[in-house]
1. Looking at region 246-284, which of its residues are open to solvent by 20 Å² or more (accessible area, probe 1.4 Å), touching a residue at least 60 places away in the same chain (Cβ under 8 Å) and of a type in the set (Val, Ile, Thr)?
2. For region 173-190, which positions are out of contact with any helix residue (DSSP H, G or I) (no Cβ under 8 Å at 6 or more places or on another chain), crowded, with 22+ Cβ neighbours inside 10 Å and not hydroxyl-bearing (Ser, Thr, Tyr)?
3. Working only within region 191-233, note down all residues that are assigned to a loop (DSSP other than H, G, I, E, B), modelled with pLDDT under 95 and either among the β-branched types (Val, Ile, Thr) or open to solvent by less than 50 Å² (accessible area, probe 1.4 Å) (or both).
4. For region 58-93, name all the residues that are surrounded by 15 or more Cβ atoms within 10 Å (Cβ to Cβ), closer than 25 Å to residue 48 by Cα and within 19 Å of the chain's Cα centre (by Cα).
5. Hey, among the residues in region 13-33 that are touching a Lys or Arg at 6+ places or on another chain (Cβ under 8 Å) and touching a residue at least 60 places away in the same chain (Cβ under 8 Å), which one's farthest from residue 118 (Cα to Cα)?
6. For residue 166, all conditions in the list (1) open to solvent by 50 Å² or more (accessible area, probe 1.4 Å); (2) out of contact with any strand residue (DSSP E or B) (no Cβ under 9 Å at 6 or more places or on another chain); (3) free of Cβ contacts under 8 Å to residues at least 40 places away in the same chain hold save one; what is the number of the exception?
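The values are calculated or read from the model by the stated rules, or taken from the named source; none is laboratory data. Every value quoted in this text rests on a predicted model; they were computed, and no experiment measured them. Glycine also receives a Cβ, built like all others from the backbone with ideal geometry; neighbour counts cover every protein chain displayed. Each accessible area value is taken on the protein alone, full model and side chains, heavy atoms only, with ligands, DNA and RNA left out. Shrake-Rupley method; radii C 1.70, N 1.55, O 1.52, S 1.80 Å.
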Amino acid sequence: MYVLGFELGFSLNEPLSLVCWEAQFGDFSNNAQCIIDQFISCGQDKWYRQCGLVVLLPHGYEGMGPEHSSARLERFLQMSIDDPDTLPDFSDKFEVQQLYDTNWIVANCTTPANYFHILRRQLAMPFRKPLIIMSPKSLLRLPEARSSFDDMTQGTSFRRVISDASVPASEDVDKLVFCSGKVYYDLEKARKSSENGANISIVRVEQLAPFPFDLVKNEVDKYPNADIVWVQEEPKNMGAWTYVQPRILAVLDGKKSAKCVARPPSAAPATGNKNTHKAQQEDIIGRGLSLQK
């Protein structure tokens, strides 16, 4: 708590510096919750002071048990201030305006290039907002989680949503899967061995808050006949689902529904049994890619 408070003060005093606080595991932020709730999430509303602090919270279900799996993503999203029920007007400056209006940014980056760009954006923006990053440790050593230097050169930028380049826009796509974080790689691995893989599009929402209404709508419009599913590793009462559900429904405008594939609701963030963890993970991936109604 004290160290996070120090870093917060340093970032306020040095707005041109990239100030980062990293927890060894994301749930270590539990002991700093008063700093997060009382200062970081609402500091601009309370005292008209902008803060560009970056909070790095490793978050992901890797079989590490209930104490080292969740950074309590749902708490940060619950305190995000974008309206869940109203589809905003999309202008040329929509992305920048969203960032200016929000109280903070919550992201879960799945590629080195996006991680690079979101940190660079912190200093490139003409204003300051706190940035909460949920990326897990396992992506540091996952061969598939890599980027070309071409993705970090001039003309490239942070991608709030990463489309599925392998599945072109089509009326024949049966399922559109939205996800965030490392579960994407599990889904993609399973899809490659699936007979129905060509009929399933997997889209990554890299920036959760403020919610990328415009880009999610673009993805929905690309696959007009697809069922919409949100897949997450967390229990259904945790993670991003309760945040993204009303926002996805706002995009769908009553024309479709959206379902969630997740672990069953639970009081604990994760199981402490390795075999149970593996079985739950396989079940999520299987249901996430199933074409059964």
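1. The answer is 271, and nothing else.
2. Passing the criteria: only 181.
3. Result: 194, single match.
4. 75, 76, 77, 79, 80, 82, 84
5. Here the answer is 27.
6. Single failed check for residue 166: (2).
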